[in-house]
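Here the structure is laid out as structure tokens; the discussion comes afterwards.
The values are calculated or read from the model by the stated rules, or taken from the named source; none is laboratory data. Source: prediction; values computed, not measured. Reconstructed Cβ throughout: ideal geometry from the backbone, glycine too, with neighbour counts over all protein chains shown. Note: areas computed on protein heavy atoms with side chains; ligands, DNA, RNA excluded. Shrake-Rupley method; radii C 1.70, N 1.55, O 1.52, S 1.80 Å.
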Amino acid sequence: MEALLRQSRTMCPFLKKTSPATLRSLSNSANVLHPAPGGGAISNLQIIARRCPVMGKALSVQSGRNIASSALAGAFIGTRAYHHKVPRAKLHTTAPKEAQAVDLNEFKREHVLFNPPTASPAGNAAATQHQHGVAPAPPNPAKFDYDGFYQNELDKKHKDKSYRYFNNINRLAQEFPRAHMSATEERVTVWCSNDYLGMGSNKHVLNRMHETLDMYGAGAGGTRNISGHNQHAVALENTLAKLHAQEAALVFSSCYVANDATLATLGSKFPNCVILSDSMNHASMIQGIRHSGAKKVVFKHNDVADLESKLASLPSDVPKIIAFESVYSMCGSIGPIEEICDLADKYGAITFLDEVHAVGMYGPNGAGVAEHLDYETYANGGNTKGTVMDRIDIITGTLGKAYGCVGGYIAGSAKMVDTVRSLAPGFIFTTSLPPATMAGAKTAIEYQMSYQGDRRLQQLHTRAVKQSLSAMDIPVMPNPSHIIPVLVGNAEVAKKASDLLLEKHQIYVQAINYPTVPVGQERLRITPTPGHVKEYRDHLCQALESVWTELGIKRTSDWEREGGFIGVGQKDPEVVEPLWTDEQLGLTAFVRDLEAGEGALGALEGVLEREHVRVGQAVAAAA
């Protein structure tokens, strides 16, 4: 260092006449009136060096390099710090959004740092004048327009007709499936509720909730770890494990949280994990995959061949999760569960099955589609080892649809459940469900495990509505489940149809638009319940006929002339058989009436009348 200083003194007059002590003092003292390019103040030695014709140019060049290097290093280091251990998954519903290194000069050219001046040129010239030796006041930096951003995003939603309007629907426990609007005298019939079996107004559920509420109060009091763990949580989780014939279960605040937390936790903890996701998976599963940071592979909806080709391309020793659903709620399709289990066994993957729209609705005990696929085995108490449900590694479900309460859960092996319980922030850091809610959910599950009348009646009502609408040329998207999607194909028209049903016919059916379904596939989603008796069904069919005529909405025959679309109006379509068979529904009388020449709808109405009497008798006996 001393040799360098001696050499510099022979070349620089300033260094030659300045002592080392003075140089040290100048370098350690800062001048607050001269800000440094990277923030803070520069030393007095740097100020003197800037006046030098040689050092001034050198410092100017070096300063520019330092700023650019600092910005680039920050971008690169930030990217590595965020992505090194947990590489970010590319969500298949949105473009990838990761931090990117930038060219600083290019960024400065493209980004407007300050508001444009508004004063006159003369005023600007005057404003730049300042006293000698006093730094000018810094210009006011532009501030982000938050309200403008909000308005712009809302304008885009309005423009593409995907803006969501909420209707004030107040379901009446004593008049299911009726509700009132903002005024109690404005009665409407709800045809789109996910309370598929009417358990939200079931007397046994309500009585149990009232008893628990009076004894244990409104809330749980904390997280499961801090005062929120109680006998109600333990009993509910034991019931859920029994329902799905699994070792253990874990309750969450919702199944959105259950899916997100479980996939995010396992996907991030399994080393080099790959998650294979059905293209129509629910947003909660997609979000969980994103949060996991795991590699993601999307396979075509219900396409087993596409799934296998993607599995075959992955190393055998890499942990793999196949995430899919049993009932896809917006189209009513059913996942090929058994075939996916076969592929999971073949390629060393585990299965993650979302049964949200199936629990309570399928199977002799209401455990979902996986149980229903081995209906006779579970109905007759046979050996369940090796059944489809037994082969599923992780089952998720909800307490907020067919069971009429709120909450979600996972079920599977004891070690898997304990791992999620111990590691998932979505479980650890949230308040436990209220005791009354958990007690009510347990009662609803046990009720449906012991009684099939509600789900059988729901299936019969679904068949009746589907057959009636098909006979009217109303475009029902064919599927084997309890969902009735009616194709509209235009967001604005779907909204108008929903509004017209509500305002003119006092029927509430919500329009389903993007992003829930793709643009051009907008629809009305109808969900019959055991309470939608013939009077309500006839009213619905008449109202839909009126709305379709008034708005000129395409009918099945119109779609057929255009070559068909997403199953509607397809030429020579495959026959879609309901998952519930005639035998499982006990439709021997239906077949007898058909043979007597009553016609499909007439015979079905006869079955419904007899089933309503049976259900009423069973409910009265249990009360």
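Grab the alpha carbons of the stretch 480-534, take their convex hull, and tell me the volume per residue in Å³. Working shown, then result.
Values: hull volume 5.1 nm³, N = 55.
Each residue corresponds to 92 Å³ of Cα convex hull volume.
When the solvent-accessible surface of protein heavy atoms is calculated with a 1.4 angstrom probe, in what order do Glu583, Glu446 fall, highest first? Write down the numbers at each step before the final one.
On the way: Glu583 155, Glu446 75 Å².
Largest to smallest exposure gives the sequence Glu583, Glu446.
Let me see the P(r) profile for the stretch 155-200: every Cα-Cα distance counted, bins of 10 Å, each bin given as a percent of all pairs.
Histogramming the stretch 155-200 at 10 Å steps yields 24, 38, 24, 13, 0 percent.
Do you know the relative contact order of the stretch 466-571, to the nearest whole percent, from alpha carbon pairs under 8 angstrom that are 6+ apart?
Working: 147 pairs, mean separation 32.0, N = 106.
RCO, the stretch 466-571: 30 percent.
Please give the net charge around Gly198, taking every other residue with its beta carbon less than 13 angstrom from that of Gly198, where Lys and Arg add +1 and Asp and Glu add -1. Intermediate values should be presented prior to the final figure.
Details: positive: Arg171, Arg178, Lys203, Lys401, Arg455; negative: Glu175, Asp195, Asp454.
That works out to +2.
I'd like the distance separating the alpha-carbon centroids of the stretch 278-341 and the stretch 134-160, in whole Å.
40 Å
Which value, in debye to the nearest 20, gives the size of the charge dipole of the stretch 174-214 about its Cα centre, when Lys and Arg are +1 and Asp and Glu are -1 at the Cβ? Walk me through the numbers on the way to the answer.
Values: 4 positive and 6 negative charges, 28 e Å.
About 140 debye.
How much FRET efficiency would the formula 1/(1 + (r/R0)^6) give for Met181 and Asp473, where r is the Cβ-Cβ distance and R0 is 35 Å, rounded to 0.05?
Details: r = 31 Å, r/R0 = 0.88.
In this case the efficiency is close to 0.70.
Would you mind computing Rg(Cα) / (2.2 N^0.38 Å) for the stretch 193-346, counting N as its residues?
On the way: Rg = 18.9 Å, N = 154, 2.2 N^0.38 = 14.9 Å.
Normalised by 2.2 N^0.38 Å, the Cα Rg of the stretch 193-346 equals 1.27.
Per residue, how many Å² of accessible area does the stretch 521-587 show with a 1.4 Å probe?
On the way: 3400 Å² over 67 residues.
Roughly 51 Å² per residue, with all protein chains present.
For Val298, what accessible surface area do you get with a 1.4 Å probe? Give it in Å², rounded to 10.
Here the residue's solvent-accessible area equals roughly 40 Å².
After finding the eigenvalues of the alpha carbon gyration tensor for the stretch 307-426, what semi-axes result from the square roots of 5 times each, listed largest first in whole Å? Before the final figure, lay out each step's value.
Values: eigenvalues 108, 69, 46 Å².
Semi-axis lengths for the stretch 307-426 are 23, 19, 15 Å.
For Arg561, Arg224, give me the order by solvent-accessible area with a 1.4 Å probe, most accessible first, ignoring ligands, DNA and RNA. Show your work: numbers first, answer last.
Details: Arg561 170, Arg224 40 Å².
Largest to smallest exposure gives the sequence Arg561, Arg224.
Using a 1.4 Å probe and counting only protein heavy atoms, arrange Val297, Val575 so the residue with the most accessible area comes first. If you can, show how the numbers build up before the last one.
Working: Val297 35, Val575 120 Å².
Result, largest first: Val575, Val297.
Bin width 5 Å, alpha-carbon pairs only: give the P(r) of the stretch 437-591 as whole percents, running from 0 to the bin holding the largest distance.
2, 8, 16, 19, 19, 14, 11, 7, 3, 1, 0
State log₁₀ I(q)/I(0) for the stretch 445-537 at q = 0.11, 0.14, 0.16, 0.20 Å⁻¹ as given by the Debye formula over alpha-carbon point scatterers of equal weight, solvent excluded.
-0.37, -0.58, -0.73, -1.02
Any idea how far apart Lys157 and Glu574 come out in nm if each label point goes 7 Å out from Cα toward Cβ?
3.8 nm
Percent of Cα-Cα pairs per 5 Å bin, from 0 to the last occupied bin, for the stretch 509-549, please list those.
All Cα pairs considered, the percentages come to 5, 19, 22, 22, 16, 12, 4.
Beyond 26 Å between alpha-carbons counts as too far, so tell me which of Lys159/Lys554; Lys157/Lys300; Lys401/Lys571 fall in that bin. Intermediate results must be reported in sequence, preceding the final value.
Values: Lys159/Lys554 23 Å; Lys157/Lys300 28 Å; Lys401/Lys571 35 Å.
Beyond 26 Å: Lys157/Lys300; Lys401/Lys571.
Excluding same-chain residues fewer than 8 positions from Lys295, which lysines have a Cα within less than 16 Å of its Cα?
Counting by Cα, and skipping residues close in sequence, Lys295 has these lysines nearby: Lys85, Lys90, Lys97, Lys269, Lys310, Lys320.
Find the relative contact order for the stretch 304-422 and round it to a whole percent, using C-alpha pairs within less than 8 Å whose residues are 6+ positions apart.
On the way: 184 pairs, mean separation 23.4, N = 119.
For the stretch 304-422, the relative contact order is 20 percent.
Residue separation times 0.36 nm, minus the C-alpha to C-alpha distance between Asn383 and Glu535: what's the value? Please list the in-between numbers first.
Numbers: separation 152, 0.36 × 152 = 54.72 nm, distance 4.33 nm.
Gain on extension, Asn383 to Glu535, equals 50.4 nm.
For Thr223 and Val304, calculate 0.36 nm times their separation in residues minus their Cα-Cα distance, and state this gained length in nm to one decimal. All intermediate terms of the calculation are to be shown ahead of the outcome.
Values: separation 81, 0.36 × 81 = 29.16 nm, distance 4.06 nm.
The span from Thr223 to Val304 would gain 25.1 nm if fully extended.
Return the carbon/sulfur percentage of the accessible area of the stretch 330-453, one whole number, probe 1.4 Å, all protein chains in place.
On the way: 2010 of 4020 Å².
Ligands and nucleic acids excluded, carbon and sulfur give 50 percent.
Report Rg(Cα)/(2.2 N^0.38 Å) for the stretch 190-241, keeping two decimals. Walk me through the numbers before you get to the answer.
Numbers: Rg = 14.0 Å, N = 52, 2.2 N^0.38 = 9.9 Å.
Relative to the 2.2 N^0.38 Å estimate, the stretch 190-241 comes out at 1.41.
Quick one: divide the alpha-carbon radius of gyration of the stretch 144-227 by 2.2 N^0.38 Å and tell me what you get. Display every interim value, and only then the final one.
Values: Rg = 20.1 Å, N = 84, 2.2 N^0.38 = 11.8 Å.
Here the answer is 1.70, to two decimals.
So, counting K/R as plus one and D/E as minus one, what does the shell of residues with Cβ under 15 Å around Ala379 add up to?
Numbers: positive: Arg455, Arg456; negative: Glu371, Asp374, Glu376, Glu583.
With Lys, Arg at +1 and Asp, Glu at -1, the net is -2.
Could you give the dipole magnitude of the stretch 181-324 about its Cα centre, charging the beta-carbon of Lys and Arg +1 and that of Asp and Glu -1, in debye to the nearest 20?
Working: 12 positive and 13 negative charges, 74 e Å.
Once rounded to the nearest 20, the dipole reads 360 debye.
For a quick check of understanding: with a 1.4 angstrom probe and all protein chains in place, what accessible area in square angstrom does Phe427 have, to the nearest ten?
Looks like 20 Å² after rounding.
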